[in-house]
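Notes to accompany the following structure.
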Amino acid sequence: MHLKKHLMFIFAALCVLGLIYFYAISDLFHPKQIASYENFTEMSEDFDASIEIAEAAKKFPEIKVPADIIKGSDKAAGNLIALTFDGMDNRGNMEAVLKIITDEGWHATFFVEGVNAARNATVIKNMVEEDQLVGNYSFVGISKAERMEPEGFFEQFCRTQKILKLVAGIEPKLFKLHDTRYMDELLRAAKACGLDHAVQSDLSVPVRSLADSAALIAFAEKIRPGMIVSLQMGKPVPIRFTQKKGPDVPAIDKKPSIQDKNVIPVKEITTPEIVKQLCVLLKAKGFRVVTVNMLHTGTKVSQKAEAKKN
């Protein structure tokens with residue numbers, strides 16, 4: 001009788017311990033907070049920017065004058081507009097877009113992510129060789145960056161600066177962040193990283209949203225002289241934390257639709273074709289595309305020449 005009671009007690013204790021263990025490890029009871037963007041830690045040691053990040057952190061408390069904000073201006077000379085390409089698409093598309101701009105004799109501004117610049121060094125070098133302006137778009141192309149702490153800015157900006165210096169011999173003075181309010185703390189952090197100017201667009205749109213000709217024409221109709229017009233080439237990375245959930249359950253289509261085998265697939269327009277069509281519309285309106293710094297000064301500044309000087 002006593003043995004039976006002891007066995008029941010041991011069994012009950014094991015059950016309790018099992019429940020405690022399940023509670024401790026289960027995501028059902030402890031949803032984790034995970035970042036919604038990837039931390040690229042596998043980059044080459046050559047791109048290590050820990051020294052630059054430490055220097056920026058040291059300078060930051062002493063920065064009194066923040067980076068200024070470059071905006072469009074209706075007082076720009078002539079029929080000038082600034083066209084920026086925000087983020088990087090695949091190498092083939094970026095090379096094609098670069099050729100379209102240079103064939104027009106125009107000078108655009110390319111804001112590039114550090115991680116993509118490291119993986120597409122040749123494209124960045126070609127941009128500089130063609131006297132296009134290259135700017136800092138943070139390391140992974142973050143958006144809503146005003147939510148970050150200064151330490152996050154140092155890493156995002158300094159890593160990109162280091163990569164661009166190594167792959168193309170340039171240290172941009174301009175930066176741009178998608179859907180971000182340029183608060184004083186952010187601008188001072190940028191200044192500590194060697195970035196003197198933030199760029200704010202008058203018009204900004206994902207390039208793929210212009211695949212429809214009507215949308216493209218409507219977008220071109222909004223453009224006025226002196227504007228900074230931006231095409232988002234990549235998908236911005238939001239600074240947001242979400243709860244980790246369990247695996248999604250696939251939806252079951254209980255009434256599968258009947259497929260029409262006679263439907264002819266429509267050929268999708270490519271990103272370079274969208275840019276080419278936009279350029280045709282801009283030319284028809286008499287616009288000339290310049291870099292964002294030239295929009296205000298009217299004087300072309302060669303990043304390549306500046307790099308050689310330094």
- line: Scanning the range 99-136 for residues that are assigned to a loop (DSSP other than H, G, I, E, B) and among the charged types (D, E, K, R), the one surrounded by the most Cβ atoms within 10 Å (Cβ to Cβ) turns out to be GLU113
- prompt: Inside the range 141-159, can you point out the residues that are assigned to a loop (DSSP other than H, G, I, E, B), surrounded by fewer than 22 Cβ atoms within 10 Å (Cβ to Cβ) and within 13 Å of the chain's Cα centre (by Cα)?
  reply: LYS144
message: Suppose we keep only residues that are part of a strand (DSSP E or B) and over 16 Å from the mean Cα position of the chain (by Cα) within the range 186-208. Which one would you say is surrounded by the fewest Cβ atoms within 10 Å (Cβ to Cβ)?
response: LEU203
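One line per residue, one yes/no per condition, for (1) modelled with pLDDT of 85 or more; (2) more than 28 Å from ALA198 (Cβ to Cβ); (3) surrounded by 15 or more Cβ atoms within 10 Å (Cβ to Cβ):
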position: PHE241; (1), (2), (3): no, no, no
position: ASP253; (1), (2), (3): no, yes, no
position: GLN259; (1), (2), (3): no, yes, no
position: THR271; (1), (2), (3): yes, no, yes
position: LYS283; (1), (2), (3): yes, yes, no
position: VAL292; (1), (2), (3): yes, no, yes
task: Collect the residues in the range 209-233 that are touching a residue at least 12 places away in the same chain (Cβ under 8 Å) and surrounded by fewer than 17 Cβ atoms within 10 Å (Cβ to Cβ), keeping them in residue-number order.
output: ALA211, SER213, ILE217, LYS222, ARG224
- prompt: Got a sec? Which of ARG208, ARG147, ARG188, ARG181 is under 17 Å from ILE63 (Cα atoms) and of a type outside the set (A, V, I, L, M, F, W, C)?
  reply: ARG188
message: Which of the numbered conditions does ALA220 fail, given that it passes all the others? Conditions: (1) closer than 21 Å to LEU133 by Cα; (2) in contact with a helix residue (DSSP H, G or I) (Cβ under 6 Å, 6 or more places away or on another chain).
response: (1)
message: Take the conditions over 15 Å from LEU186 (Cβ atoms) and over 14 Å from the mean Cα position of the chain (by Cα) and apply them to ILE101. Does it pass?
response: yes
- request: Would you check which residues across the range 172-185 are in contact with a strand residue (DSSP E or B) (Cβ under 9 Å, 6 or more places away or on another chain), surrounded by fewer than 23 Cβ atoms within 10 Å (Cβ to Cβ) and over 21 Å from MET227 (Cβ atoms) and list them?
  value: LYS173
query: Of all residues in the range 64-98, which are surrounded by fewer than 16 Cβ atoms within 10 Å (Cβ to Cβ) and closer than 23 Å to ALA192 by Cα?
result: LYS64, VAL65, ASP68, ILE69
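The values are calculated or read from the model by the stated rules, or taken from the named source; none is laboratory data. Since this is a predicted model, take the numbers as computed values, not measurements. So basically every Cβ, Gly included, is an ideal-geometry build from the backbone, and we count neighbours across all protein chains shown.
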